[in-house]
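**Q** Below: one structure in structure tokens.
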Amino acid sequence: MIKVYGLHKYFGKNHVLRGIDLEVAKGSVVCIIGPSGSGKSTLLRCMNLLETPNEGQVLIDGVDITAAGHNIDELRAEAGMVFQRFNLFPHMTVLDNITLAPMKVRKVSQAEAEKQAHEVLRRVGLEEKAPAYPKQLSGGQQQRVAIARALAMKPKLFLFDEPTSALDPELVGEVLDVMKGMALEGTTMVVVTHEMQFAKEVADRVIFMDGGVIMEEGPPELIFSQPQNDRTKAFLDRVL
């Protein structure tokens, strides 16, 4: 579903990504862990061109999105992104937040968009909140609405950028439960996360990044119990 070849990203003189190669199979869940500043979020943002790589290629379902001449909005519609902050429009109801993109980008009718919105809200356990405004919701509920908004676009894959880091600890579980349900349904997901238990339980593969490179990757049972790289060991010793 995703293939990344030789990806480099600079911010000025800061070489943030240093030749990343990565493949994500359809229906798999890949969790990316590592210290702050290691390039995790930048890698994720390069996967739907919120950041433009300086070198390398990103292919989604066989389409090279880094090649010239593509419609960026159409490409991004295939990679649903959920951010640390919920980025809901505060002046719009939950229903309107969810129906906006399908109507504008997918050209879905309002009736069909609203039908889909109620379906995805039911999936995240918030159908009764359709008429509410974001300020009337808890942080956990707002993030679940953000996930529902991404689901409504019916993308080919989902990119999660530390989706629980802005939440109070007691609200983290409700968001992770939604993501676990998506994983069980076979949704292709790339998740940058600090939630190690979630990575242990849900990921098919865990990637440890540091200094803009992939230091180690493998199944969670090996990464967490028998890491081979000294840097991975040092990181896990601090966070587990």
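The values are calculated or read from the model by the stated rules, or taken from the named source; none is laboratory data. Small disclaimer: the values here were computed from a predicted structure and weren't measured. Positions of Cβ are generated from backbone atoms using ideal geometry, with glycine treated the same way; all protein chains shown enter the neighbour counts. Calculation scope for accessible area: heavy atoms of the full protein, side chains included, ligands and nucleic acids excluded. Shrake-Rupley method; radii C 1.70, N 1.55, O 1.52, S 1.80 Å.
**Q** Can you tell me which residue within region 216-228, out of those that are open to solvent by 40 Å² or more (accessible area, probe 1.4 Å) and not acidic (Asp, Glu), is nearest to the chain's Cα centre (by Cα)?
**A** Within region 216-228, the first condition is being open to solvent by 40 Å² or more (accessible area, probe 1.4 Å), and the residues that meet it are 217, 219, 221-222, 225-226, 228.
Restricting the remaining residues to those that are not acidic (Asp, Glu) gives 219, 222, 225-226, 228.
Numbers: PRO219: 19, LEU222: 23, SER225: 25, GLN226: 26, GLN228: 27 Å.
For region 216-228, the residue satisfying everything is PRO219.
**Q** Can you name every residue in region 111-128 that is open to solvent by 30 Å² or more (accessible area, probe 1.4 Å), under 21 Å from GLN84 (Cα atoms) and in a helix (DSSP H, G or I)?
**A** Taking region 111-128 first, the residues open to solvent by 30 Å² or more (accessible area, probe 1.4 Å) are 111-112, 114-115, 118-119, 122-123, 125, 127-128.
Pick out the ones that are also under 21 Å from GLN84 (Cα atoms) and you get 123, 125.
Within region 111-128, just ARG123 meets the criteria.
**Q** Of all residues being among the polar types (S, T, N, Q) and at pLDDT below 95 in region 42-56, which is surrounded by the most Cβ atoms within 10 Å (Cβ to Cβ)? Just the residue, please. If you could, list the steps in order and put the result at the bottom.
**A** We begin by selecting, within region 42-56, every residue among the polar types (S, T, N, Q); these are 42, 48, 52, 54.
So of that shortlist, the ones also at pLDDT below 95 come out as 48, 52.
Values: ASN48: 21, THR52: 10.
Only one residue tops the list, namely ASN48.
**Q** Now a separate question. Can you give me the ranges of the strands (runs of 3 or more DSSP E) entirely in region 25-94 with at least 2 residues that are over 17 Å from the mean Cα position of the chain (by Cα)?
**A** Once the strands (runs of 3 or more DSSP E) in region 25-94 are filtered for at least 2 residues that are over 17 Å from the mean Cα position of the chain (by Cα), what remains is 55-60.
**Q** Turning to a different aspect of this structure: Give the residue that is farthest from PHE86 (Cα to Cα), with candidates limited to residues of region 159-176 that are surrounded by fewer than 23 Cβ atoms within 10 Å (Cβ to Cβ) and within 15 Å of the chain's Cα centre (by Cα).
**A** Here the answer is LEU176.
**Q** Still on this structure, please answer the following. With respect to the numbered conditions (1) on the phi < 0 side of the Ramachandran plot; (2) out of contact with any strand residue (DSSP E or B) (no Cβ under 6 Å at 6 or more places or on another chain), which one is the sole condition not fulfilled by PRO163?
**A** (2)
**Q** What helices (runs of 4 or more DSSP H) lie completely within region 130-240 and have 1 or more residues being of a type outside the set (Gly, Ala, Ser) and more than 26 Å from LYS26 (Cα to Cα)? Spell out the reasoning first.
**A** Numbers: elements: 139-152, 169-184, 196-202, 220-225, 230-239.
Here the list reads 139-152, 169-184, 230-239.
**Q** Of all residues in region 88-131, which are among the hydroxyl-bearing types (Ser, Thr, Tyr) and without any contact (Cβ under 8 Å) to a residue 24 or more places away in the chain?
**A** Looking only at region 88-131, we keep the residues that are among the hydroxyl-bearing types (Ser, Thr, Tyr), and these are 93, 99, 109.
Across region 88-131, the qualifying residue is only SER109.
**Q** Provide a single number: the residues in region 180-205 that are within 21 Å of ASP61 (Cβ to Cβ), surrounded by fewer than 22 Cβ atoms within 10 Å (Cβ to Cβ) and touching a residue at least 12 places away in the same chain (Cβ under 8 Å).
**A** Residues flagged as within 21 Å of ASP61 (Cβ to Cβ), surrounded by fewer than 22 Cβ atoms within 10 Å (Cβ to Cβ) and touching a residue at least 12 places away in the same chain (Cβ under 8 Å) within region 180-205 amount to 6.
**Q** Could you please find all residues in region 206-215 being within 25 Å of ILE60 (Cβ to Cβ) and crowded, with 19+ Cβ neighbours inside 10 Å?
**A** The answer is VAL206, ILE207, PHE208, MET209, GLY212, ILE214.
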